1. By average Cβ neighbour count within 10 Å, what is the ranking of 142-149, 85-92 from highest down?
2. Taking a 19 Å limit on the Cα-Cα distance, which of the listed pairs 230/260; 223/254; 188/254; 195/298; 17/97; 91/297 fall beyond it?
3. So if I place +1 on the C-beta of Lys and Arg and -1 on the C-beta of Asp and Glu, and nothing else carries charge, what would the dipole magnitude of the chain be about its Cα centre? I want it in debye, nearest 20.
4. Could you tell me whether the chain comes out rounded, prolate or oblate from its Cα gyration tensor? Rule is a ≥ b ≥ c as square roots of the eigenvalues, rounded for a/c under 1.5, then prolate if a/b exceeds b/c, otherwise oblate.
5. How long is the gain from residue 85 to residue 120 if the chain were fully straight, where each residue apart is worth 0.36 nm and the alpha carbon distance is subtracted?
6. Could you tell me how many degrees, from 0 to 90 and to the nearest 10, lie between the Cα long axis of helix 31-42 and the main elongation axis, the longest principal axis, of the Cα atoms of the chain?
7. Within a Cβ distance under 12 Å of residue 73, other residues only, what is the Lys/Arg minus Asp/Glu net charge?
8. Calculate the dipole size of region 212-260 relative to its Cα centre from +1 charges on Lys and Arg beta carbons and -1 charges on Asp and Glu beta carbons; express the result in debye to the nearest 20.
Amino acid sequence: MITENLYDQILINPASKGYDELHIVSGYSSATFLRQHLGDVLAINPNIEINLIIGMNQKRRDHSAYLNLKDNYPNLFNGYYFFGRPEVHSKVYCWTKNKTDAIGFSGSSNYSQYGFFNNKQQNQMVEDSPADIKNYYNSLINNCTPISEYSLKPDEIIEHQSIVGSLAPGCIEWIEPDESVRISLLSKNGELPSKSGLNWGQRPEHNRDPNQAYLSIRTDATKEGFLPEKKFTFTLVTDDNVTMDCTVQQDGRKAISTTKDNSVLGLYFRNRLDVSSGAIVTKEHLVNYGRSDFLLKKLDDETFFLDFSAQ
């Protein structure tokens, strides 16, 4: 029975040994985890293919993130939602090499951060028949819808708040306790910080990318129970259908930034504000745009919604 280093043993080591295609049936999954796994295995072999069936009929809160991954890796990721009955709660993994040699694993680990990292959950896996797992995968596929062809149900569409005006500088306002909050981008003095927040990269003396940025999280919005623990990766879905992988950062959990390259977030806001790449963002840019705060809504433990729309 395998209980330690599940991520490496089940999802990384086979790629290092030349296995080039993975078939997965998982009750639950997350786009954030898929993005991390794709990045790790493609660094080993740029032609690895991942095939994923998500077996439980949950709300597809991170559907747009899966679509983004399909767009980015059209020939390397094939994803499906299962809609047969009963629902599928299995967690099985079958690696193949050149369509022939194969290894398989089954156990309790969903294809997610909670499933494969011991600091999130205790899980176990065992070696299992790859032929049985592949046959099981094939038996389910006819009751699946490709992720790229799925249309969201009305209760899966993220409702946009009707927001008029902006919060007072330095303030936050809970829309729904521990679920949805508005946070000002301005400091209490009414100004946009020139070397932090959206302008964190504006420090040439430190040789930073000038687009580097983070979202400042204020007062009790920093608490666990709303935001994940520090360095736990989550998907941020925006009101204009952009998806970014983010983490909570800094002492006091007072910042959100994009993973690996925190200039992604800065470029996103500069594009929305019509500010040139690398340029400083000012209070006047926010005023001209029509909004100086943002809304952050928790959809689930691994998915948040960012609203920066302006009337």
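The numbers here are math on the coordinates, done by the rules we state, and not lab data. The structure presented is a predicted model; accordingly, all values stated were derived computationally and were not measured. Neighbour counts are summed over all protein chains in view; Cβ atoms, including those assigned to glycine, are modelled from backbone coordinates with ideal geometry.
1. 85-92, 142-149
2. Result: 195/298; 91/297 exceed 19 Å.
3. The calculated dipole for the chain is roughly 460 debye.
4. prolate
5. Net length gain for the segment: 9.7 nm.
6. 70 degrees
7. For residues surrounding residue 73, the net value is 0.
8. Result for region 212-260 is approximately 220 debye, rounded to the nearest 20.
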